[in-house]
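Notes follow the structure.
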Amino acid sequence: MEMPLFPLRVVLFPGMALPLHIFEPRYREMIDRCLDENLAFGVVLIQKGPEVGGDARPHRVGTAARIVKVDRQSDGRLNIQVVGARRFRIEELNHDRPYLTGRVRHFPVTNGDTKLALEQARRVRPKIMRYVELLTKATGVQLKLDRLPEDATSLAFLAAITLQVRPEDKQRLLELPGVPQLLELGNYYLGRELQLLDYMISSQAALPAMTNGPTGQLFAN
């Protein structure tokens, strides 16, 4: 099917909420069309090119975005809220409209109820909770997860959404075919980021001791 495409420097996952500020005329036209025709549009990570103005070349795997809230400004700009729906793969790009469109095919995630996926989910679950706890300590912003999803597929996407890693790393997660692979790579990223957060938090705690007392005077001068 043909889908309007919105190249951004962000990766959208199924189930993820994303606020967007729409100000370019071509994308205002795109959003108006989506609202009039009840269409989803595709959010795709920019592989090359600018986010604003010009033509950006996107990665070939993205996520359909459903518009759930619209706030129109007096000057024509829009603030919208979208939620990620299904993944897709771009088969052909089209440039016959002011905004980019593409012929896309649904790219479903597989093997979410396999034994391997369930085993991976058991390993990832406590790491997500620990990661959110350390992020709260490191940033001073209260983050909270009341309850983790029971099914492995939703857990895999939650881990991908929660991770504060480069967009390219998130794109790598998005492009994986199945839940076991998503959880395996997510588990690796979580382990890596937990080590970094532990080091950062312990370094912050050690900094006052390094800058006080006779030795600390070296840092103050």
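The values are calculated or read from the model by the stated rules, or taken from the named source; none is laboratory data. Not measured: the values here are computed from a predicted model. Please note: Cβ atoms are built from the backbone with ideal geometry, for glycine as well, and neighbour counts cover all protein chains shown.
Confirm whether Lys48 is among the basic types (Lys, Arg), under 20 Å from the mean Cα position of the chain (by Cα) and more than 27 Å from Leu155 (Cβ to Cβ).
Criteria met by Lys48.
Mind counting the residues in the stretch 105-131 that are under 23 Å from Gly191 (Cα atoms) and in contact with a Phe, Trp or Tyr (Cβ under 7 Å, 6 or more places away or on another chain)?
0
Within the stretch 157-201, how many residues turn out to be surrounded by fewer than 18 Cβ atoms within 10 Å (Cβ to Cβ), more than 14 Å from the chain's Cα centre (by Cα) and more than 11 Å from Val124 (Cβ to Cβ)?
Of the residues in that region, 9 qualify.
Looking at (1) surrounded by fewer than 14 Cβ atoms within 10 Å (Cβ to Cβ); (2) closer than 17 Å to Ile161 by Cα; (3) assigned by TED's automatic domain parsing to the domain that holds Cys34, find the lone condition where Pro126 falls short.
It is condition (3) that Pro126 fails.
Quick one: in the stretch 45-89, of everything that is at pLDDT below 95 and hydrophobic (A, V, I, L, M, F, W, C), which residue is farthest from Glu24 (Cα to Cα)?
So the residue we want is Ala56.
Can you pull out the residues in the stretch 142-184 that are under 18 Å from Val10 (Cα atoms), assigned to a loop (DSSP other than H, G, I, E, B) and of a type outside the set (Asp, Glu)?
Leu163, Gln164, Val165, Arg166, Leu176
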